[in-house]
Amino acid sequence: MATYTLILLSLFSFQTYASSCCGGGANIPNIILGDHQWEAKLAYTNSTITNEALASGKIESVNSKNEITETISFKGSYLFDSYYQIAFDLPIKKRTVESTSTESSTTEVVDPSIQFTWEFLPEFTYNPLKPRGFIFFKQLFPNGNSIYNYEDPLLSDSLSRGVFESTIGFAFYKLIYDFDYSLTLEGHYGFEREIDDKEVAPGFGYSTSFGLGHSPNSKLRLGTSLTYWQDSAVSIDGIKGENKYYLSTSFNLSYMLTRSSFVLNYSDETLFDVAKNTNLAKSFSFTYKIFEDL
């Protein structure tokens, strides 16, 4: 509590730095950035596959079928010490696939996860250069069918990652005047697992994301972010495939209420045509957050 009081005092004493709005660091994964004891989020995402990046890097439009994935996520974060947090994510996914002759749909609770975060670089007094820094560890638990054990010919039931996945990363956040900046770097590892008599070994992957936001007043924030994501080639029974990657951008709008906020976000993986060996989507999401102040 004393840490956050010092931060607030330093902000108001200079009278040149504004507090961040509700969506500050929108690309930072499930981490409390404000003076909150806990946060609870309900998020809805609608994602439509529009393009396919081939193994050669060539990008083509998807015309043979329509594929829409809807996700409702229940997320929570709790600050149990001045610098330590715990969080969870429980997603429910529905994928609908429509071809020229048939349609199928599957709904499942998919890949819940738990996350631990340590703020290793707190901001005791305001510094115009030094950001706040966090290190986080996330553990994903596979649940549901995946691309390795689907039953539906249209793959509507391949919703899960299929393997246990551990992620470790760093997140940095900085507030300067009415602007906020954020940078996230993470590496993830999918553990080898036997699925339907197949030895599946995903291996390492990583992503990096840079975000920028502007708060014209204490309630409203406009933001954007750029994210590069890559996974190494998956080995199935010792046979390796191709690695995959994409570059996506997002635009978001946040609005603060009394003890809650909401964020509208649009994400596009096709804007820069930088991708390989993966489907590319355009997504819209709405997140409603409630919180309890310290």
Just for the range 265-291: of the residues that are among the hydrophobic types (A, V, I, L, M, F, W, C) and not in a strand (DSSP E or B), which one is surrounded by the most Cβ atoms within 10 Å (Cβ to Cβ)?
Val274
Does the range 223-231 contain at least one residue that is under 19 Å from Phe204 (Cβ atoms), among the polar types (S, T, N, Q) and in contact (Cβ under 8 Å) with a residue 40 or more places away in the chain?
yes
Condition first: over 18 Å from the mean Cα position of the chain (by Cα) and open to solvent by 70 Å² or more (accessible area, probe 1.4 Å). Can you find one or more residues in the range 201-215 that meet it?
no
Could you please let me know if Ser160 is modelled with pLDDT of 95 or more and buried (at least 20 other Cβ atoms within 10 Å of the Cβ)?
yes
Quick test for you: out of Thr249, Thr258, Thr227, pick the one residue that is closer than 28 Å to Trp38 by Cβ, of a type in the set (Val, Ile, Thr) and modelled with pLDDT of 95 or more.
Thr227
Could you check, for the range 84-101, whether at least one of its residues is open to solvent by 20 Å² or more (accessible area, probe 1.4 Å) and farther than 30 Å from Tyr150 by Cβ?
yes
Conditions (1) within 30 Å of Asn127 (Cβ to Cβ); (2) under 20 Å from the mean Cα position of the chain (by Cα); (3) modelled with pLDDT of 90 or more: number failed by Asp35:
(2)
Does Ala26 satisfy being at pLDDT 95 or above and crowded, with 20+ Cβ neighbours inside 10 Å?
no
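The values are calculated or read from the model by the stated rules, or taken from the named source; none is laboratory data. All values derive from a computational prediction rather than experimental measurement. Every residue, glycine among them, receives a Cβ derived from its backbone with ideal geometry; neighbour counts consider all protein chains shown. Note: accessible area is taken over every heavy atom of the protein model, side chains too, but ligands, DNA and RNA are not part of it. Shrake-Rupley method; radii C 1.70, N 1.55, O 1.52, S 1.80 Å.
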